[in-house]
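One structure below.
Each value in this text was obtained by applying a stated rule to the coordinates, not by laboratory testing. In this text, all values refer to a predicted model and were calculated from it rather than measured experimentally. Methodologically, a virtual Cβ is constructed for each residue, glycine included, from the backbone with ideal geometry; neighbour enumeration extends over all protein chains shown.
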Ligand code: ATP
Ligand code: MG
């Protein structure tokens, strides 16, 4: 248990407020997992919370939250949320629904019971009370943990319409916690999956990171596909995955398997690699199309396709610049990796994105075999051998492929003919 979270709980409690740990940290602790972050909820208002902590920042427009900052750890403190239902016929001024039932505004304070009803899944609505060390379970979360069941609180369709991201969360928790989605909570998902189009692309980027970089990316991906959510997120790739066992399927599954392995052994991963992989075959397809139908050469076709595919993807999922530029580099280096003559091979090794591009090539080679695999193998060897062996490798390459012989160095200055 986080010491900082305890400090926050006790400070609130000692000042006469109710204070609970809630959500993921209670759930994970009960499952015997290390909680990732700690959320606190209280009957103190954001202003009252701010009055108690010097290290407090108030954030959020839709619902004001307090962040208590302890160096790198942030404890999030929220005031109990109340009901947002329209009272009789008059729309409550503090809540607003869009045409398809999405909750647009939601900022009413309430009681702890109301707060519990506002949460998404029964396993996420358990409260640990610092006053008497008890757990309040308002929605049957304890039983759901025993049954390994992800179940929405309330009417599933209404709750998904209020916030379609809950469909992604259902899948994420099912995969991450090795549970199943209850029949009633699973039923509406395929039907309502198109509502994902109403979620801002920036929010979806955050969700995608949580979905695919949880260490259970492959399992999550399979559930996303099963529930027709994947096609909402990656509309260009999804149609290429319809044929089970195709190279596209193998590629995607291998990327996720590798990513999961890296995460679970504490290695670094970049979302750019996954995005580059998820758009690679759409890119190749678009490039082919531009060459055949548009009569473009490979260079122009590739660059145009690259922009097209990226542009279409960010309509759904915003990709921050620092990642999109890496994605482009990984793609462009795929065209440069076959060209190894002379100094090019050495320059390639120095490229800041060489490692990512090489890993990407290796993966393509493993799936497609043939020349791609040979090329990847060549680069594997080239990195491992010493300098004189590198020279030999390059010389052999030149002989095999009939490349240009080393040109004798020309004199820089041509001797001027004397007049
Ligand atoms: P994680 O381990 O991924 O952090 P978590 O359950 O803590 O899981 P958070 O996104 O940190 O997830 O949210 C904290 C709590 O806030 C949840 O447990 C849930 O009670 C509530 N919550 C979060 N998102 C929603 C949502 N979209 N709708 C309703 N309640 C939500
Ligand atoms: Mg959390």
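In table form, for the structure just shown:
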| quantity | calculated |
| --- | --- |
| Some residue of the stretch 237-251 being out of contact with any helix residue (DSSP H, G or I) (no Cβ under 6 Å at 6 or more places or on another chain), part of a helix (DSSP H, G or I) and either within 16 Å of residue 190 (Cα to Cα) or in contact (Cβ under 8 Å) with a residue 60 or more places away in the chain (or both) | no |
| Residue 319 surrounded by 14 or more Cβ atoms within 10 Å (Cβ to Cβ), outside any helix (DSSP H, G or I) and within 17 Å of the chain's Cα centre (by Cα) | yes |
| When residues of the stretch 224-242 are limited to those that are under 22 Å from residue 158 (Cβ atoms) and buried (at least 18 other Cβ atoms within 10 Å of the Cβ), the one nearest to ligand 1 (Cβ to nearest atom) | 229 |
| Top-ranked residue in the stretch 1-37 [being away from ligand 1 (no atom under 16 Å from the Cβ), assigned to a loop (DSSP other than H, G, I, E, B) and free of Cβ contacts under 8 Å to residues at least 40 places away in the same chain; ranked as nearest to residue 149 (Cα to Cα)] | 17 |
| For residue 51: the one exception among (1) surrounded by fewer than 16 Cβ atoms within 10 Å (Cβ to Cβ); (2) within 16 Å of ligand 1 (Cβ to nearest atom); (3) assigned to a helix (DSSP H, G or I) | (2) |
| Residue ID - farthest from residue 210 (Cα to Cα), chosen from residues in the stretch 31-57 that are in contact with a strand residue (DSSP E or B) (Cβ under 7 Å, 6 or more places away or on another chain) and within 16 Å of ligand 2 (Cβ to nearest atom) | 41 |
| Complete set of residues in the stretch 38-48 that are within 16 Å of ligand 1 (Cβ to nearest atom) and either assigned to a loop (DSSP other than H, G, I, E, B) or surrounded by fewer than 20 Cβ atoms within 10 Å (Cβ to Cβ) (or both) | 38, 39 |
| Criterion violated by residue 280 - all others in (1) crowded, with 20+ Cβ neighbours inside 10 Å; (2) touching a helix residue (DSSP H, G or I) at 6+ places or on another chain (Cβ under 7 Å) satisfied | (2) |
